[in-house]
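Shown next, in structure tokens, is the structure this report addresses.
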Amino acid sequence: MSRKISLGLMLLFLGTQIGVTQPAAKAQTPVAPTTATKSICPTQLGTAIDTVINRPLFSRGRWGILVQPLSTRQTLYSRDAQKYFTPASNVKLLTTAAALQQLGANFRIRTSIYQNGNGILRVVGRGDPSLSDTQLQTLAQQLKQKGITQIQQLIADDSYIQGDIVNPTWQWEDVQSDYGAPVNSFILNQNLFSLKLVPQAVGKSLQVVWTEINEAKQWRTINQSMTVAQNQPSYVNVTRELSGTVLRIQGQLTANSEPSLIDLPVVDPNYYFLRRFRTALATEKITLGQTLVVSSGVNQEEIAFVESPPLSELLAETNLNSNNLYAEALLRALAGEKPRVKNQTSADVGLEVIKASLTQLGVDPANYILVDGSGLSRRNLATPEAFVQALRGIARTPTAFVYRASLPVAGKSGTLKGRFQNTSAEGIVQAKTGTLTGVVSLSGYMNAPKYEPLVFSIIVNQSQQPATVVRQAIDEVVVLLTQLQRC
């Protein structure tokens, strides 16, 4: 029985300003704190931080904080640092640390095509999150160069990654959104398809423009939207059935406003891949007959392949842009070289590898409980101490520079680009953001100007305040850390 789920894609227009509801797992940009530049002795730090986080508006929330020098375990400030919190996207710090340790900075994910004879080709996906139509075109060109002009049967082997394509603990609103796209052996265009909603004359339905015409054929679209006058509010709500049958468009946009671009997760990644590959083959005048998806088989002669960028670049996309799909793909990549165990999913094996890797880095296994690789699940639990231990541990490894390069820089890049601008923290903090409803987190490194390098983790849970308000306070705490000096 199919379930209809709301995609919750709400666009709010104010004149020519467009405000888009932010994805739950991606922390974004409050106004930078304006704490004046001064100096703080370590003995004064506790009082200064308490002044920020003990404000009445935060009285119902939970704060977890740990601040230590990078080189030692001396505690400069601690608030419930050994207690569990929902960490949101700070989980990506643990996933990427383990991936770098286990796979190496030059690791690449390979997508292969094998020739099995009699006009039968087998394409094997291995969960490359960077795979796009451009790489499919490359594969088609390689086949053309081999003299192949006709494929009787193309088999898509999706056996490399085992288990659910969507984590069963994710919430419906996440599964339905672009930041909760499915993950399996075949990931193409981040497993998203797109459409535009274009305003028409007042009183007319919005025009639905599909980026990929083949995807339009997969849906029966019920368009209940409307174009309204300039003084009317604007919103768009797209709902779909998980069976991939019905797409319902509701809401309204004002006449002459900009089109709304909607990204939706694909329902069946395997057949989405095959549809797009058929298109790529056609451009090379290669005819394709039957397509088939299997979960086993023997690969013979490899005749074409493409590879992902090196892991160092995959880490950067994961952490800089808080990309959930990349994090989940890396979690499963960790299971790729391990012996397959019956009834054990690739994600579960990956979580075991993360635990072993973090233990080697000096992270106490009692400090966290993980159920996914991205932090999108609310069943993830971690202490601020877990992130400080992980950040310190990876900093001692030969690939520490690769890891740090993957983190957003305050006021400069990624999810921190719009934070800390024109403050003393700008350019000297490298940290990972995290946001879910009621959750805001920030963990990372600081090159304190008048003190030694610091490592910190700040997690706020159960807050009824808007995320922007909580981020403002977190940023004030971080700016206080820049003012540390030896006294």
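The values are calculated or read from the model by the stated rules, or taken from the named source; none is laboratory data. Please read these numbers as outputs of a predicted model, since none were measured by experiment. Heads up, the Cβs are rebuilt from the backbone with ideal geometry, glycines too, and the neighbour counts pull from every protein chain shown.
Among the residues making up the range 156-189, those that are surrounded by 21 or more Cβ atoms within 10 Å (Cβ to Cβ) and aliphatic (A, V, I, L, M) are A156, I161, I165, A181, V183, I187, L188.
Among the conditions (1) modelled with pLDDT of 95 or more; (2) out of contact with any Asp or Glu (no Cβ under 8 Å at 6 or more places or on another chain); (3) of a type outside the set (G, A, S), the only one that E328 does not satisfy is (2). For the range 260-288, the set of residues classified as touching a strand residue (DSSP E or B) at 6+ places or on another chain (Cβ under 8 Å), under 29 Å from D164 (Cα atoms) and small (G, A, S) is empty. Name every residue in the range 293-310 that is in a loop (DSSP other than H, G, I, E, B), more than 20 Å from L188 (Cα to Cα) and out of contact with any Gly (no Cβ under 9 Å at 6 or more places or on another chain), in order of residue number. Within the range 293-310, S296, G297, V298, N299 meet the criteria. Applying the selection to the range 132-151, what residues are surrounded by fewer than 16 Cβ atoms within 10 Å (Cβ to Cβ) and farther than 26 Å from L192 by Cα? Passing the criteria: Q145, K146, G147, T149, Q150. Residues in the range 120-149 that are without any contact (Cβ under 8 Å) to a residue 60 or more places away in the chain and either out of contact with any Leu (no Cβ under 9 Å at 6 or more places or on another chain) or not aliphatic (A, V, I, L, M) (or both): S132, T134, Q145, G147.
This table checks each residue for (1) farther than 30 Å from I213 by Cα; (2) of a type in the set (A, V, I, L, M, F, W, C).
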residue	(1), (2)
L281	no, yes
K285	no, no
L288	no, yes
P309	no, no
E317	no, no
L330	yes, yes
R340	yes, no
I369	yes, yes
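Restrict the check to the range 269-285 and report whether at least one residue is assigned to a loop (DSSP other than H, G, I, E, B) and more than 30 Å from G147 (Cβ to Cβ).
Step one: filter the range 269-285 for residues assigned to a loop (DSSP other than H, G, I, E, B), giving 284-285.
Narrowing the set further to residues that are more than 30 Å from G147 (Cβ to Cβ) leaves none.
No, because not a single residue in the range 269-285 is assigned to a loop (DSSP other than H, G, I, E, B) and more than 30 Å from G147 (Cβ to Cβ).
The residue pairs whose first member lies in the range 47-59 and is under 13 Å from V469 (Cα atoms), whose second member is of a type in the set (V, I, T) and surrounded by fewer than 18 Cβ atoms within 10 Å (Cβ to Cβ), and whose beta carbons are closer than 8 Å, counting only pairs six or more residues apart or on different chains, are L57/V469.
When the criteria are applied in full, N380 fails the requirement of being among the polar types (S, T, N, Q), modelled with pLDDT of 95 or more and surrounded by fewer than 22 Cβ atoms within 10 Å (Cβ to Cβ).
Table: residues versus (1) in contact with a strand residue (DSSP E or B) (Cβ under 8 Å, 6 or more places away or on another chain); (2) within 30 Å of S377 (Cβ to Cβ); (3) surrounded by 22 or more Cβ atoms within 10 Å (Cβ to Cβ).
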site: S441; (1), (2), (3): yes, yes, yes
site: M446; (1), (2), (3): yes, yes, yes
site: P453; (1), (2), (3): yes, no, no
site: Q472; (1), (2), (3): no, yes, no
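Listed by position, the strands (runs of 3 or more DSSP E) inside the range 146-237 whose residues that are basic (K, R) and within 25 Å of S132 (Cα to Cα) number at least 1 are 192-198. Among the residues of the range 60-85, the one identified as among the polar types (S, T, N, Q), part of a loop (DSSP other than H, G, I, E, B) and within 29 Å of the chain's Cα centre (by Cα) is Q82. The condition of being at pLDDT 95 or above, among the hydrophobic types (A, V, I, L, M, F, W, C) and either touching a His at 6+ places or on another chain (Cβ under 9 Å) or assigned to a loop (DSSP other than H, G, I, E, B) (or both) holds for only one of L94, L131, that being L131. None of L247, L261, L274 is over 25 Å from S205 (Cβ atoms), out of contact with any Cys (no Cβ under 9 Å at 6 or more places or on another chain) and among the aliphatic types (A, V, I, L, M) except L274.
Answer yes or no as to whether N299 is polar (S, T, N, Q), buried (at least 21 other Cβ atoms within 10 Å of the Cβ) and under 30 Å from G350 (Cα atoms).
no
To keep it simple, each residue is scored yes or no on (1) without any contact (Cβ under 8 Å) to a residue 12 or more places away in the chain; (2) surrounded by fewer than 23 Cβ atoms within 10 Å (Cβ to Cβ).
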{"position": "A327", "(1), (2)": "no, no"}
{"position": "G336", "(1), (2)": "no, yes"}
{"position": "P339", "(1), (2)": "yes, yes"}
{"position": "Q344", "(1), (2)": "no, yes"}
{"position": "G350", "(1), (2)": "no, no"}
{"position": "D364", "(1), (2)": "no, yes"}
{"position": "V371", "(1), (2)": "no, yes"}
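Take T437 and tell me if it is of a type outside the set (A, V, I, L, M, F, W, C), in the same structural domain as F85 (by TED's automatic domain parsing), out of contact with any Phe, Trp or Tyr (no Cβ under 9 Å at 6 or more places or on another chain) and within 20 Å of E317 (Cα to Cα). It is false that T437 is of a type outside the set (A, V, I, L, M, F, W, C), in the same structural domain as F85 (by TED's automatic domain parsing), out of contact with any Phe, Trp or Tyr (no Cβ under 9 Å at 6 or more places or on another chain) and within 20 Å of E317 (Cα to Cα).
Residues that are farther than 28 Å from V166 by Cβ, touching a Ser or Thr at 6+ places or on another chain (Cβ under 7 Å) and in contact (Cβ under 8 Å) with a residue 12 or more places away in the chain: which strands (runs of 3 or more DSSP E) entirely in the range 376-467 hold 3 or more of them? Reasoning before the result, please.
Values: elements: 429-436, 439-446, 454-461.
Hits in the range 376-467: 454-461.
Can you find a residue in the range 346-360 that is at pLDDT 95 or above and in a loop (DSSP other than H, G, I, E, B)? No, every residue in the range 346-360 fails to be at pLDDT 95 or above and in a loop (DSSP other than H, G, I, E, B).
For the range 244-259, indicate whether the set of residues that are surrounded by 19 or more Cβ atoms within 10 Å (Cβ to Cβ), in the same structural domain as Q176 (by TED's automatic domain parsing) and under 23 Å from the mean Cα position of the chain (by Cα) is non-empty. Checked the range 244-259: no residue is surrounded by 19 or more Cβ atoms within 10 Å (Cβ to Cβ), in the same structural domain as Q176 (by TED's automatic domain parsing) and under 23 Å from the mean Cα position of the chain (by Cα).
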